[in-house]
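Report on the following structure.
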Amino acid sequence: MAEAVYPVSAEWARDALIDEGRYREMYERSVSDPESFWREEAQRVDWMRPFTVVKQTSFHEDDFGISWFTDGTLNLSANCLDRHLAARGEEIAILWEADDPSTPERRITYRQLHEQVCRFANLLKSKGVRKGERVTIYLPMVPEAAVAMLACARIGAIHSIVFAGFSPEALAGRITDCDSRIVLTADEGLRGGKKIPLKTNVDEALKECACVDTVIVLAHTGADVHMEDGRDCDWASAAEGQSAECEPAEMNAEDPLFILYTSGSTGKPKGVLHTTGGYAVWASMTHEYVFDYKPGQIFWCAADVGWVTGHSYVVYGPLMNGATTVMFEGVPNHPDPSRFWQIVDKFGVEIFYAAPTALRSLMREGDEWVRKTSRKSLRLLGSVGEPINPEAWGWYHEVVGEGRCPIVDTWWQTETGGVMISPLPGATALKPGSATRPMFGVQPRLLDSDGREIDGAGDGCLVITDSWPGQMRTVWGDHERFFQTYFSTFKGAYFTGDGCRRDEDGYYWITGRIDDVINVSGHRLGTAEVESALVAHAKVAEAAVVGMPHDIKGQGIYAFVTTNAEVEPDEDLRKALVAWVRHEIGPIATPDVIQFTPALPKTRSGKIMRRILRKIGENDVSNLGDTSTLADPSVVDSLIANRPQPA
Ligand code: 6R9
């Protein structure tokens with residue numbers, strides 16, 4: 001089948017920051033002379049002390065290390081706030097839309113945001129928070145989440161945001177791992193009219209965390225929540241008494257900025273650590289070029305700040321560039337499936353960036369919900385988090401964008417800090433489903449399973465061969481795991497965990513994870529995490545989890561479960577296990593299918609044959625490949641015969 005190609009329109013080629021000629025020239029320079037390229041590009045940051053060293057990076061074991069702009073100093077909150085005050089202090093920094101459309105929006109100017117950040121930074125200081133200390137943030141999508149992040153950056157504390165949909169158990173694990181003494185939360189969150197008991201979750205989590213002595217609680221819904229004497233304090237009244245001036249701390253480029261936990265293929269979630277200078281350059285540069293961002297435009301990234309997309313494209317990238325960034329507390333289909341487009345009209349959103357899973361769920365509801373809104377302000381659309389299927393791409397392009405807005409399909413990861421492979425709207429002809437070409441400084445390669453490079457068109461494991469400024473620097477508390485996870489599979493290269501195809505035009509097509517990570521609604525989950533939650537249940541002996549295709553979520557969760565000998569599995573147990581996993585990890589980990597089985601297919605050496613389980617999960621059992629090493633091949637037949645139909 002011939003691929004559809006959407007050429008760059010004449011207006012985009014003329015008006016965009018970067019056209020095709022400039023992309024080629026800049027890309028070429030970024031890889032042939034990275035020193036001079038990044039020396040120049042890094043001038044987008046206001047440095048307190050300019051750097052002299054650009055880049056000291058090696059992916060090889062003997063001299064492994066990643067350091068950018070090493071001797072420069074800066075403060076990221078000053079870059080997001082103070083430097084804009086003179087020119088655009090009265091312009092809107094954050095436009096906040098509540099879950100309930102009848103709640104008034106909030107419009108916060110750069111000057112007001114600066115003041116709030118300073119007060120909150122002073123409050124953190126008064127609670128004894130010091131440079132390098134970890135602050136856990138467990139907040140809904142409210143402007144105070146951005147205030148908290150920027151306040152940490154202002155005083156040099158390291159923030160660790162835990163998505164407000166995670167369970168108390170998951171929260172406790174993340175607080176303990178980074179040994180955080182302070183937690184910032186709200187009484188409740190609101191999503192789609194449902195209340196999320198954040199403070200109660202924190203209280204529950206803190207039963208397991210001896211390290212926490214301070215909790216600052218934002219009164220968001222006004223719910224009556226328990227306040228622990230000597231530990232908990234009210235956000236607003238505590239911040240009110242603080243000074244509205246707070247000198248930004250001078251941070252080294254390589255001082256940590258934040259930790260964000262993400263799932264890997266093994267073990268517990270790892271704390272991805274990003275540092276200050278390189279991340280600042282990367283978030284701001286990619287935001288400007290990928291979205292062709294020009295001052296004054298209204299930018300809306302619909303991701304939650306609990307994910308990396310929210311860090312880089314709700315808060316840091318847009319604010320560094322002086323943008324008006326939209327923050328939305330709610331969900332796409334509440335109170336009805338027009339919600340996104342109504343917000344677009346209400347605020348005059350020009351650039352809209354969301355995940356394919358949200359688009360697919362809206363597409364299913366029919367075009368009427370979109371067509372009854374105007375959307376005439378939109379000029380550019382973006383996609384992130386998972387592969388976008390050509391059908392959803394077509395709907396986004398034709399129905400949402402009315403054929404007029406280019407779509408930037410941006411591939412990147414928590415680990416990469418910002419966009420790595422993406423079209424630039426004024427430069428790149430689009431192919432639906434392809435993330436197209438690398439960002440400046442990004443050198444993708446495809447390798448076969450023996451580590452041999454694939455030249456030209458072909459399919460392989462996606463690796464990146466040289467560092468870029470936004471790259472993660474370590475796994476919190478486990479530098480060895482950092483090296484082992486990303487740099488030991490293929491010598492001298494960063495291993496992404498994704499499979500990828502390159503076509504004749506040099507375009508990249510991400511095919512999805514090739515490790516044991518599944519991508520549910522754009523959220524990463526390790527199969528091992530879900531398995532360990534399942535086996536933690538008293539009635540479960542063994543569990544194996546694989547991904548399965550899912551129309552809306554992209555991937556769903558398929559769990560094979562063996563119960564303890566005396567337990568008779570039934571519908572009640574199935575329901576109980578679903579609730580258990582939600583409780584252990586959070587609703588995003590809800591299993592779609594649980595198949596009880598007396599045994600799992602194992603090799604004679606006792607290894608579960610996941611390849612076969614994946615095939616069963618995908619309902620593609622015609623060719624299971626070699627099963628000769630199975631200890632008991634009849635297990636597979638019975639699994640196939642008893643495969644439940646997804647609900
Ligand atoms: C930003 C973010 C990373 C994983 C990544 C890949 C998948 C992200 C994609 C995409 C195809 C895209 N992914 N963007 N796959 N096309 N445009 O999502 O970070 O949560 O760490 O997930 O998501 O599999 O490896 P993160």
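Limited to the stretch 474-488, what total is found for residues that are within 14 Å of the ligand (Cβ to nearest atom) and either free of Cβ contacts under 8 Å to residues at least 24 places away in the same chain or open to solvent by less than 30 Å² (accessible area, probe 1.4 Å) (or both)? Of the residues in the stretch 474-488, 2 are within 14 Å of the ligand (Cβ to nearest atom) and either free of Cβ contacts under 8 Å to residues at least 24 places away in the same chain or open to solvent by less than 30 Å² (accessible area, probe 1.4 Å) (or both).
On the stretch given as the stretch 253-267, residues that are surrounded by fewer than 22 Cβ atoms within 10 Å (Cβ to Cβ) and farther than 18 Å from H479 by Cβ total 1. With respect to the conditions (1) open to solvent by 20 Å² or more (accessible area, probe 1.4 Å); (2) on the phi > 0 side of the Ramachandran plot, G165 falls short on a single one, namely (2).
Residues in the stretch 189-225 that are in contact with a Leu (Cβ under 6 Å, 6 or more places away or on another chain), part of a strand (DSSP E or B) and more than 26 Å from P337 (Cα to Cα): I216 only. If I ask for residues that are open to solvent by 60 Å² or more (accessible area, probe 1.4 Å) and within 25 Å of F347 (Cβ to Cβ), which ones from the stretch 106-131 would you list? Once the filter is applied, which keeps residues that are open to solvent by 60 Å² or more (accessible area, probe 1.4 Å) and within 25 Å of F347 (Cβ to Cβ), the stretch 106-131 yields R106, R107, R111, Q112, E115, Q116. Restricting the stretch 400-412 to residues that are within 15 Å of the ligand (Cβ to nearest atom) and outside any loop (DSSP other than H, G, I, E, B), the residue that is farthest from R339 (Cα to Cα) is W411.
Listed by position, the helices (runs of 4 or more DSSP H) inside the stretch 1-120 whose residues that are within 24 Å of M420 (Cα to Cα) number at least 1 are 10-15, 20-32, 34-41, 76-80. Only one entry of T474, T485, T496, T489 meets the criterion of being under 30 Å from D63 (Cα atoms), among the β-branched types (V, I, T) and more than 21 Å from the chain's Cα centre (by Cα), and that entry is T489.
Could you count how many residues in the stretch 489-510 are within 12 Å of the ligand (Cβ to nearest atom), of a type in the set (A, V, I, L, M) and open to solvent by less than 20 Å² (accessible area, probe 1.4 Å)? Looking only at that region, the number is 0. Only a single criterion out of (1) in contact (Cβ under 8 Å) with a residue 60 or more places away in the chain; (2) among the basic types (K, R); (3) within 26 Å of E91 (Cβ to Cβ) is not satisfied by R364, namely (3). Mind telling me which of the residues A2, A86 ends up being at pLDDT below 95 and open to solvent by 60 Å² or more (accessible area, probe 1.4 Å)? From the options A2, A86, the qualifying one is A2. Filtered by the rule that a residue be within 10 Å of C246 (Cα to Cα) and under 26 Å from the mean Cα position of the chain (by Cα), the stretch 116-145 gives V117, F120, A121. Scanning the stretch 67-92 for residues that are free of Cβ contacts under 8 Å to residues at least 60 places away in the same chain and among the charged types (D, E, K, R) gives R83, E90. Could you list, in sequence order, the residues of the stretch 587-599 that are touching a helix residue (DSSP H, G or I) at 6+ places or on another chain (Cβ under 7 Å) and in a loop (DSSP other than H, G, I, E, B)? Within the stretch 587-599, T590, P591, T597, A599 qualify. Residues in the stretch 597-630 that are open to solvent by 60 Å² or more (accessible area, probe 1.4 Å) and small (G, A, S) were compared, and the one that is farthest from M548 (Cα to Cα) is S605.
Can you name every residue in the stretch 498-508 that is in contact with a Gly (Cβ under 8 Å, 6 or more places away or on another chain) and of a type outside the set (A, V, I, L, M, F, W, C)? Correct list: D498, G499, R501, R502, E504.
Across the stretch 274-306, the qualifying residues are those that are open to solvent by 10 Å² or more (accessible area, probe 1.4 Å) and under 30 Å from D177 (Cα atoms), and the one among them that is farthest from the ligand (Cβ to nearest atom) is A302. Quick check: is even one residue across the stretch 192-214 within 26 Å of the chain's Cα centre (by Cα) and within 16 Å of the ligand (Cβ to nearest atom)? So far as the stretch 192-214 goes, no, none of its residues is within 26 Å of the chain's Cα centre (by Cα) and within 16 Å of the ligand (Cβ to nearest atom).
Would you please name the residue that is nearest to R502 (Cα to Cα), looking only at residues in the stretch 413-432 that are surrounded by fewer than 22 Cβ atoms within 10 Å (Cβ to Cβ) and within 9 Å of the ligand (Cβ to nearest atom)? The qualifying residue nearest to R502 (Cα to Cα) is Q413.
One residue stands out in the stretch 168-188 among those that are open to solvent by 20 Å² or more (accessible area, probe 1.4 Å) and in a loop (DSSP other than H, G, I, E, B): the one that is nearest to T262 (Cα to Cα), namely D179. Pairs meeting the criteria (first residue in the stretch 1-23 and closer than 15 Å to F291 by Cα, second residue in a helix (DSSP H, G or I) and of a type outside the set (G, A, S), beta carbons under 8 Å, at least 6 apart or on different chains) are V8/E20; A13/E20; L17/E288; L17/Y289; I18/M26; I18/Y289. Condition check for T309 on (1) assigned to a helix (DSSP H, G or I); (2) within 16 Å of the ligand (Cβ to nearest atom); (3) under 30 Å from R44 (Cβ atoms); (4) open to solvent by less than 10 Å² (accessible area, probe 1.4 Å): one failure, at (4). Across the stretch 511-529, the qualifying residues are those that are farther than 20 Å from L260 by Cβ and open to solvent by less than 30 Å² (accessible area, probe 1.4 Å), and the one among them that is farthest from the ligand (Cβ to nearest atom) is T527. For the stretch 365-389, which positions are closer than 28 Å to Q555 by Cα and among the small types (G, A, S)? Selection gives G366, G382, S383, G385. Would you check if E91 is within 12 Å of L319 (Cα to Cα), surrounded by fewer than 18 Cβ atoms within 10 Å (Cβ to Cβ) and modelled with pLDDT of 95 or more? In short, yes.
The values are calculated or read from the model by the stated rules, or taken from the named source; none is laboratory data. Remember, it's a predicted structure, so these values are computed and weren't measured experimentally. No Cβ is skipped: glycine too gets one built from the backbone with ideal geometry, and neighbour counts run over all protein chains shown. The accessibility values were calculated without ligands, DNA or RNA, using every heavy atom of the protein model including side chains. Shrake-Rupley method; radii C 1.70, N 1.55, O 1.52, S 1.80 Å.
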